[in-house]
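**Q** I'd like to ask you about the structure that follows.
Nothing in this text is a laboratory measurement; each read-out follows from the coordinates by a stated rule. What you see is a predicted model, and the numbers here were worked out from it, not measured in a lab. FYI the Cβ positions are ideal-geometry reconstructions off the backbone, even for glycines, and counts take in every protein chain you see.
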Amino acid sequence: MNQPILEMQKISKRFPGVVALDAVDLQVFPSEVVALAGENGAGKSTLMKILGGVYQPDGGAILIDNQAAAIRSVSDAQANGIGFVHQELNVFDNLSVAENVFLGREPRSFGFLINRPKLNADAEIYLKRLGLNVSTKTPLRQLSIAQQQMVEIAKALSLNARILIMDEPTSSLTLTETGSLLEVIKDLREQGVSIIYISHRLGEIKEIADRVVVLRDGKNAGVLPRGEISHDTIVKMMVGRDINRDYKPPTVVDKTPLIEVRDLRTQRYTNQAISFTVRKGEILGFAGLVGAGRSEAAQAIFGVDAPIAGTVSLDGKTIKIASPRDAINSGIYLIPEDRRNCGLILDVPVRENITLPALSKYSSIGLVNNAAECKISREMCEKLNVKTASIESKAGNLSGGNQQKVVLAKWLSLNPKLLIFDEPTRGIDVGAKAEIYQLMRALAESGVAIVMISSDMEEILGESDRVAVMHEGAITGILERIEASEEAIMQLAVGHHQPVLN
Amino acid sequence: MRKELGTFILLVVLCVVLAILNPSFLASANLQNLARLIGIYGIFSIGLGLVIITGGIDLSVGSVFALLGVLLSIFLVEWHLPAAAAILLVVGITTFLGVINGFLITKVKIQPFIVTLCGLLFYRGLARFTAGDETKGFGAAAGFETLQSLATGSVFGVPTPFIILILISVVAWVVLHRSIFGRYLFAVGRNEMAAHYSGINSDFTVAGAYILCSFLASIAGILLSFYTNSISPSSHGNFYELYGIAAAVLGGCSLRGGEGSIIGILIGTALLQVLQNLVNLLGIPSSLNFAVMGAVILIGVLADQLLRQRQAARVTK
């Protein structure tokens, strides 16, 4: 363990408007498992994508075996012995195990036919190494997610990977599958492979990591050797920045619950039931790490993906929501995370986007009244300060912030009772952000209940009156404003406490 | 309107050239026949246009023409049903086929191409079986002359199918360009996900398009049956769905969905019929008929694409 096999030195990467990585260092030694930890947006994935050849760094150097290495593409990374197992598997489920492992590099006979016996025999070697007991001829679709992941690892090994990057490999595995994956990782380490392991699950990190490298806001936050790894030490390093709190408390505090969600089970997390209430006039923040099940819960409440179980009541009356139309009719609206695909029809005018959910309001006998439509669209654009050349401009031509305001305009022209914002300011510039926060607060003041799902800690702490924290599909805690601190939220978000099941 | 302008100019140029090369193009008998055909083809092309705007397709229209022609002949000539009853039955049955298409596409979630391809094969077979593979017809149309005159007659020299097309176009224009349903058709065709998030019942909207398409096909099919006056079940209506699709595409409908207009579809229909007429009048071997149409459609779509690229380039500059 004297010479590092990989050294990333002062790696920097800027995206328009953000510095994703600022002079980050990372060392990996032979036969070592390095865990990379950090909050959402801390720069873990960006750093790994640079190592994997997906992104090019703006500054810094990568040394492999003390030699400067130029990694300009995924194949450069592979040639340098770097394998990448992505969170979303890149497998072809119509091809067999062996075909997946050697895709594009099939052994040939006569120069153009696939040499199947050799293909299968070669793949077998790697499956054995990983202890994966399936036939190499099995189509991938017949394998479990965990087994497909092994095939991806086999592929990386067949490319002679000495450094294996694993991005959230256990996020869709069961507990036993996770256990066996961790065993495989330990075996690989014995065989001399180094592993960079990204995970939000601190328990796993504790079990297998030889070292933890923590990133925070695109910078190195510290390194923990094996002996010092614990929940608390990692969380302390992950947070611990000053958060600019411009929180304005509500002027009217009404404690009566307006919306009550009971035992809601989503299709993604079938055995986790979530329950919470939103009070009239409050902003309830939903914090959690990416994939904690917050958006799924929002989509279930809005009727996009009907929940498997659970009730939603409004003003004490249970309402049935089987489709977005039901939710809209009850005054429950969603501002979706994926603005460009779910929130707006980009190549249609702003006017048509605004009136789409309530066209009948601007129509008589089934015919749209163009004048009424123009009037409301102009009013909403003016009220929300939407910067657009005209209400006839296509929504796709507006900036991110203005597009978000158009999505808001769709709902504010109606009669909102509960507004669910899913990542309301993602990809939006600072000025528009402030405007959206102001609007949110003004809406709450007018008696609307607001749920704000956000992965931005600053936003959660700056805007929420209470914070619900989710982990793996369950609400692990609901914090009152005074209890809510970045550390308290992170502890709940990484599942330090047992899930609260009702 | 700018989108349809190119096709419209092409249509005008083609008419002028044709009139110069062969003045009998302007003979009233020729123009009347042309208008009659435009009437029949336009009606079902509008239906196909609606389906294409949702991002779908209906390949079964031609076979449905054969089936409904056979049924119409049996109802009128063999069963001697009253004209109104026969029409109602045929329109009802054909429209119901649209309900089946809509159900299979939106609820069972089979791709429109496959659903209607199966319809193309199935209804053709059914038509031939029902007719005993024999040609059916209406003969002298004894007892339902008025009905026949809807297809073959004229009012003040204007062929009735053309008048029916104009009436249907006006209604279709209002539905597509002014009604809530029309707005939903475009919304679902452009971005079904966003439409869903806006509370639009996209299944209902898409199924509606297929039902309307079949309804319009029933009207066009009845007119076509009387126009040909005999229905050979193995060939009647062959390729007609493709004429409709071609007219819609020439008129600015995108097969990706979300684009198109009634005026465009009408211009597209007229262009195809004038081309057909051109082949006849200029003495081009009729075996080249399809080749000429294929070439012109390709040129039309290419020109449209080039024009749009140039426009896009100008916008970004």
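**Q** Ranked by Cβ crowding within 10 angstrom, fewest neighbours first, how are A:T270, B:T94, A:T170 ordered?
**A** In increasing order of surrounding Cβ atoms, one gets A:T270, A:T170, B:T94.
**Q** Give me a single rounded figure for B:174-183: the average over its residues of other chain Cβ atoms within 10 Å of their Cβ.
**A** For this peptide, the per-residue mean of nearby foreign Cβ atoms is 4.
**Q** May I pose another question? How would you classify the stretch B:131-231 from its alpha-carbon gyration tensor, with a ≥ b ≥ c the square roots of the eigenvalues: rounded for a/c under 1.5, else prolate if a/b is greater than b/c, otherwise oblate?
**A** Here the stretch B:131-231 falls in the oblate category.
**Q** Beyond 19 Å, what share of the Cα-Cα pairs of the stretch A:263-338 remains, rounded to the nearest whole percent?
**A** Of all Cα-Cα distances in the stretch A:263-338, 33 percent exceed 19 Å.
**Q** How long is the stretch A:360-463 along each principal axis, judged by its Cα atoms, biggest number first, in Å?
**A** Between the extreme Cα coordinates on each principal axis of the stretch A:360-463 lie 47, 30, 18 Å.
**Q** Related question: Past the 21 angstrom mark, what percentage of all C-alpha to C-alpha distances in the stretch A:132-284 do you count?
**A** 64 percent
**Q** Output the Cα-based Rg and Dmax of the protein assembly as shown in Å, rounding Rg to one decimal and Dmax to a whole number.
**A** 32.8, 104
**Q** Placing +1 at every Lys and Arg Cβ and -1 at every Asp and Glu Cβ, with all other atoms neutral, what dipole size does the stretch B:109-230 have around its Cα centre, in debye to the nearest 20?
**A** 280 debye
**Q** Modelling each spin label as a point 7 Å along the Cα-to-Cβ direction, I'd like the A:D22/B:V17 distance in nm, to one decimal.
**A** 6.7 nm
**Q** Let me know the charge dipole size of chain A about its Cα centre in debye, to the nearest 20, where only the beta-carbon of Lys, Arg (+1) and Asp, Glu (-1) is charged.
**A** In debye, rounded to 20, chain A gives about 880.
**Q** Nearest 10 degrees is fine. How inclined is helix A:370-383 to the longest principal axis of chain A, computing both from alpha carbons?
**A** 70 degrees
**Q** Inside 10 Å of the C-beta atoms of A:403-413, what's the mean count of C-beta atoms belonging to other chains?
**A** 1
**Q** In Å, what is the Rg of the alpha-carbon atoms in the stretch B:1-41, and how long is Dmax?
**A** Calculated on Cα positions, Rg and Dmax stand at 11.9, 33 Å.
**Q** Let me ask you something else. For the stretch B:92-143, how big is the tail of P(r) above 18 Å, as a whole percent of Cα pairs?
**A** 48 percent
**Q** Could I ask something else about it? Using only the Cα atoms of the stretch A:181-241, each taken as one equal point scatterer with no solvent, compute I(q) by the Debye sum, divide by I(0), and report log10 of the ratio at q = 0.28 Å⁻¹.
**A** Each listed q corresponds, in turn, to -1.26.
**Q** In chain B, which helices (entire DSSP H runs) extend 27 Å or more along their own long axis, judged by Cα positions, while averaging at least 0.5 on the Kyte-Doolittle scale?
**A** Both cut-offs are met by B:2-21, B:28-53, B:83-106, B:202-228, B:262-281, B:289-316.
**Q** Separate question: Counting only other chains, what is the mean number of Cβ atoms within 10 angstrom of the Cβ of each residue in peptide A:136-145?
**A** 0
**Q** Return the sequence-ordered ³J(HN,Hα) values of the stretch A:183-198 in whole Hz as given by the Karplus equation 6.51 cos²θ - 1.76 cosθ + 1.60 applied to θ = phi - 60°, using x for Gly and Pro.
**A** 4, 4, 4, 5, 4, 4, 4, 4, 7, x, 8, 9, 10, 9, 10, 9
**Q** How much length, in nm to one decimal, is gained on full extension between A:A70 and A:S172, taken as 0.36 nm per residue of separation minus their Cα-Cα distance?
**A** 33.4 nm
**Q** Considering the dipole of the stretch B:1-135 built from charges on the beta carbon (Lys and Arg +1, Asp and Glu -1) around the Cα centre, which of B:L26, B:I38, B:V51 is farthest to its positive end?
**A** B:V51
**Q** Per q in 0.18, 0.19, 0.20 Å⁻¹, report the Debye log10 I(q)/I(0) for the stretch B:66-214, using one uniform scatterer on each alpha carbon and no solvent.
**A** Per q value, in the given order, log10 I(q)/I(0) is -1.16, -1.20, -1.24.
**Q** Which three extents, in whole angstrom, do the alpha-carbon atoms of the stretch B:192-317 cover along their principal axes, largest first?
**A** Ordered largest first, the stretch B:192-317 gives principal extents of 50, 40, 22 Å.
**Q** Further question on the same structure: Given all pairs of different Cα atoms, what value in angstroms does the Kirkwood hydrodynamic radius of the stretch A:270-405 take?
**A** 17.1 Å
**Q** Shifting gears a bit: Once the convex hull of the C-alpha atoms of the stretch A:1-143 is built, how many Å³ does it hold per residue, rounded to a whole number?
**A** 165 Å³
**Q** Using the Kirkwood radius over Cα pairs, work out the Stokes-Einstein diffusion coefficient for the stretch B:232-271 at 4 °C and 1.567 mPa s, in µm²/s as a whole number.
**A** Reported coefficient: 122 µm²/s.
**Q** Extending each Cα 7 Å along its Cβ direction at B:V170 and B:Q309, get the distance between those two points in nm, one decimal.
**A** Between B:V170 and B:Q309, the label points sit 4.2 nm apart.
**Q** Would you pull out the residues with amide H under 5 Å of A:I195's amide H, same chain only if 5 or more places away, H placed 1.01 Å from N?
**A** A:E32, A:V33, A:V34, A:L164
**Q** Run the Debye formula on the Cα coordinates of the stretch A:433-502, all scatterers equal and no solvent, and tell me log10 I(q)/I(0) at q = 0.11 1/Å.
**A** Log10 I(q)/I(0), no solvent term: -0.29.
**Q** Kirkwood Rh over Cα pairs of the stretch A:50-128 into Stokes-Einstein at 20 °C, 1.002 mPa s: D in µm²/s?
**A** So the translational diffusion coefficient is about 144 µm²/s.
**Q** Using amide H atoms built 1.01 Å from N in the peptide plane, name the residues 5+ places from A:F29, or on other chains, whose amide H lies under 5 Å from its own.
**A** Amide H neighbours of A:F29, under 5 Å, 5+ apart: A:I5.
**Q** At 0.36 nm per residue, and after removing the present C-alpha to C-alpha distance, how many nm does the segment from A:F15 to A:N341 gain when stretched out fully?
**A** Length difference between fully extended and current span is 115.1 nm.
**Q** Calculate for chain B the 222 nm mean residue ellipticity that helices alone would give, adding -39,500 (n - 2.57) per DSSP H run of length 4 or more and normalising by residue count, nearest 500 deg cm²/dmol.
**A** Value at 222 nm, helices only: -24500 deg cm²/dmol.
**Q** Hey, another quick one. Tell me, what is a quarter of the convex hull surface for the C-alpha atoms of the stretch A:148-204, in nm² with one decimal?
**A** Spelled out: convex hull of the Cα atoms, projected over all directions, averaged, 3.7 nm².
**Q** Treat each spin label as a single point 7 Å out from the Cα along the C-beta direction, and report the B:L121 to B:W79 distance in nm.
**A** Between B:L121 and B:W79, the label points sit 2.9 nm apart.
**Q** Then there's this: Using only the alpha-carbon atoms of chain B, report the extent along each of the three principal axes, biggest first, to the nearest angstrom.
**A** Extents along the principal axes, in whole Å: 67, 53, 35.
**Q** Express the relative contact order of chain A as a whole percentage, based on alpha carbon pairs under 8 Å and six or more residues apart in sequence.
**A** 15 percent
**Q** Continuing with this model, one more query. Bin by bin, in steps of 5 Å, what percent of the Cα pairs in the stretch B:1-100 do you find, going until the bin that has the longest distance?
**A** Spelled out per bin, shortest first, that is 2, 10, 12, 16, 15, 13, 12, 11, 7, 2, 0.
**Q** Still on this structure, I have one more. For A:W411, B:W173, B:W79, what's the fewest-to-most ordering of other Cβ within 10 Å of each Cβ?
**A** Listing A:W411, B:W173, B:W79 from fewest to most nearby Cβ atoms yields B:W79, B:W173, A:W411.
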